[in-house]
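What follows is a set of notes on a single structure, which appears directly below.
The values are calculated or read from the model by the stated rules, or taken from the named source; none is laboratory data. In this text the structure is predicted, and so the values were computed from the model without any measurement. Using ideal geometry, Cβ is built from the backbone for each residue, glycine included, and neighbour counts are taken over all protein chains shown. Just the protein is used for accessible areas: all its heavy atoms, side chains included, with ligands, DNA and RNA removed. Shrake-Rupley method; radii C 1.70, N 1.55, O 1.52, S 1.80 Å.
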Amino acid sequence: MTVLVPVFDQAEFLPQALGGLLAQRGPSWELVVVDDGSTDDLAAALRTLPAEVPVRVLRHPENRGLGAACNTGLDAAQADVIAYLPADDVWFDGHLAALVDALDRQPGAILAHGELDDPTVDAQQLVQLAHRRTELRWRTRADVESDDLGLLFLDDLRAAGPVAPTGRVSCRWVRHPGQRSRTFDPAEGGLNVFRRRYRAAGPLRFAPRHGAAVDEQLLYPDPLPPAPAPDAPHVLLVGELAYNPDRLLLLAERNVRMTGLWIDDPLGFMSVGPLPFGRVAELPRTGWLDALRRDPPDVAYCLLNWRTIPLALALAEALPSLPLVWHFKEAPQRSLDRGDWPLLARLWRRADHVLLASREERDWLELALPGQRDPAATGVMDGDLPRGRWFTGPVADRTDRDGVHTVCVGRPVGLTPAVLAELAAADVHVHLHGVRDAGPADPWLVAARAAAPRHLHLHPAVAPPCWRRELSRYDAGWLHVVPAVNGGDLRRATWDDLNLPARLPTLAAAGLPVLVPDPGASVNAVARTTGEAGVAVRFSSPGDAAERLRDLDALAATRAAMDAGRSAWAFESAVDDLHRILLATADRQGRR
């Protein structure tokens, strides 16, 4: 039997896994360890093996993914049966013997699996498995990255022959924050968490078992802008890009050379490098300061949300003469909660130019940190607008629509079961795109379905190329249904009062009116912005929203205003101003 151990940066777990292997009695085995580009001390972990235990260590110079690591091991395997032992999991006594016995007892069986000691795990895991040697191979990163082992390999095995369960609990799938599967969990991971951890370059097909799949090979098919001229301004990107990272290609079209220095702890929506479309050079995770001294940038562009602040400030204080533009969206309140407010205040004073997502956010910060900045170097620009390419194309045919159908893209913020029940009573349908159907495990979804059983509909997320065609079939789109209650006192404002949600440009691309709670006398960025543009359906209650959605003439006028002015929500409307600010900030410091 070949025992195949794929490992990436889990050297500290490996001795426990190897201990479980050494405790096995029964079939003889060979050990093949595939190091998939680890940066920790794997050699030290392997030295815990007794000297008489033969081991072959095969190394990838950089991370190539689970599929490629398993294929490297399969190609090297010399036995007729292969068992998998992930470096962070554990076998119990008798695991190998039970797998071999299961294969032997069922003639023609190609795959055997033991049982985990945790019955709540809802899918087979690698640690459970052994299979006969075949010509089949795992799908690799070039095909897809997923936590669905069926998609990656097991479905092909199951189609090739019977599966033999051992019926015995014989292994443990060890839960910990560094698990590969966690990077696919919508609550903890996502595409950008995966990309940062595994340094995955190029466009990915990312297919979590739970959550929305993303096919970057469809999102970024176009040729890149030409390489920058030798004397092009050098912009250092610092932090994370949030949504719509390909907006940077519009800067590249303006002859800008870009280098990326990224946070190591992004959330799923926080885009980080290596960027799938290229055109941004990567700084090393360690030694980045020396690299910047060798190739100094003309200006740093620090963006976009709260997790960037510690890194941006560290850069600013390490290179005090480097011109710095800080583009901040979400959220000063998060910095307060995290204990990063002192860092935010220092960065507020240090940055040569600051851009905030809304006038209200700018005014709130100027109240909180008064007299510390030049107003002429403190501006407003939404930070993660999409490219205008997603705002073109045909719209859906709506001639056969019956009833009122609204859409929510992303999290249903403020759409409580009570709100949904009132909308359903008024015969208003709500279509959720991108909300995972977790069934009974999601109390909100259970209550929402009970409140609106015939009026709540779940659909997959809509990719940018389909925004206009798919979302335009609806009558209007929901933003955050969070009433403003600050009464006009900006000091009482919450983040929902300062924020311009990222879903707003998505709905604009489809030409949809947006449903916005009427703020009354309160300060509210989204109500002001959409009101000035004439694209909002303001409402005081769910019942009031239903009445306004049935005012077909007013709704048609609002829809026409959004469709006619939708380009204002694309990055093309802001990129020239951003380009000017970056160059002017560098020029003021004599860097150009």
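Against the conditions (1) surrounded by 21 or more Cβ atoms within 10 Å (Cβ to Cβ); (2) under 22 Å from residue 153 (Cα atoms); (3) free of Cβ contacts under 8 Å to residues at least 60 places away in the same chain, residue 95 satisfies every one except (3). Looking at segment 476-592, the helices (runs of 4 or more DSSP H) lying wholly inside it that each contain 2 or more residues that are open to solvent by 10 Å² or more (accessible area, probe 1.4 Å), over 18 Å from residue 383 (Cβ atoms) and not aliphatic (A, V, I, L, M) sit at 525-533, 542-549, 552-564, 575-588.
When segment 368-408 is filtered for residues that are aliphatic (A, V, I, L, M), open to solvent by 20 Å² or more (accessible area, probe 1.4 Å), touching a residue at least 12 places away in the same chain (Cβ under 8 Å) and not in a loop (DSSP other than H, G, I, E, B), the ones remaining, listed by number, are 368, 380.
When segment 125-157 is filtered for residues that are part of a helix (DSSP H, G or I) and either closer than 22 Å to residue 210 by Cα or modelled with pLDDT under 95 (or both), the ones remaining, listed by number, are 126, 127, 128, 149, 150, 151, 152, 153, 154, 155, 156.
Scanning segment 20-48 for residues that are free of Cβ contacts under 8 Å to residues at least 60 places away in the same chain, more than 14 Å from residue 74 (Cα to Cα) and either hydroxyl-bearing (Ser, Thr, Tyr) or open to solvent by 20 Å² or more (accessible area, probe 1.4 Å) (or both) returns 22, 28, 38, 39, 40, 41, 43, 44, 46, 47, 48.
Of all the criteria given as (1) under 12 Å from the mean Cα position of the chain (by Cα); (2) among the hydrophobic types (A, V, I, L, M, F, W, C); (3) closer than 22 Å to residue 298 by Cα, the one not satisfied by residue 191 is (3). In segment 269-279, the residue that is surrounded by the most Cβ atoms within 10 Å (Cβ to Cβ) out of those that are under 22 Å from residue 232 (Cβ atoms) and of a type in the set (Gly, Ala, Ser) is 273. For segment 195-211, the set of residues classified as modelled with pLDDT under 90 and either buried (at least 19 other Cβ atoms within 10 Å of the Cβ) or of a type in the set (Val, Ile, Thr) (or both) consists of 211 only. Of the listed requirements (1) modelled with pLDDT under 95; (2) aliphatic (A, V, I, L, M); (3) outside any loop (DSSP other than H, G, I, E, B), residue 100 misses just one: (1).
Pairs linking a residue in segment 187-208 that is closer than 15 Å to residue 144 by Cα to a residue that is in a helix (DSSP H, G or I), with Cβ atoms under 6 Å and 6 or more positions apart or on different chains, are 194/183; 203/216; 203/217; 204/216; 206/191; 208/184.
Write out, first by first residue and then by second, each pair whose Cβ atoms fall under 6 Å of each other, whose residues are 6+ apart or on separate chains, and whose first residue, in segment 270-295, is without any contact (Cβ under 8 Å) to a residue 12 or more places away in the chain while the second is assigned to a loop (DSSP other than H, G, I, E, B). Within 6 Å, the pairs are 291/283.
For (1) under 24 Å from residue 424 (Cα atoms); (2) within 29 Å of the chain's Cα centre (by Cα), each residue gets a yes or a no:
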{"residue": "467", "(1), (2)": "no, yes"}
{"residue": "482", "(1), (2)": "yes, yes"}
{"residue": "509", "(1), (2)": "no, yes"}
{"residue": "521", "(1), (2)": "no, no"}
{"residue": "545", "(1), (2)": "yes, no"}
{"residue": "551", "(1), (2)": "yes, no"}
{"residue": "557", "(1), (2)": "no, no"}
{"residue": "561", "(1), (2)": "no, no"}
{"residue": "566", "(1), (2)": "no, yes"}
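Close Cβ contacts (under 9 Å, 6 or more residues apart or on different chains) running from residues in segment 329-349 that are in a helix (DSSP H, G or I) to residues that are open to solvent by 40 Å² or more (accessible area, probe 1.4 Å) and among the hydroxyl-bearing types (Ser, Thr, Tyr) comprise 333/494. If you filter segment 257-268 down to residues that are in a loop (DSSP other than H, G, I, E, B) and either in contact with a Leu (Cβ under 9 Å, 6 or more places away or on another chain) or over 26 Å from residue 434 (Cα atoms) (or both), you find that the one that is most open to solvent (accessible area, probe 1.4 Å) is 264.
Residue count for segment 520-565 satisfying the condition of being hydrophobic (A, V, I, L, M, F, W, C) and within 16 Å of residue 505 (Cβ to Cβ): 8.
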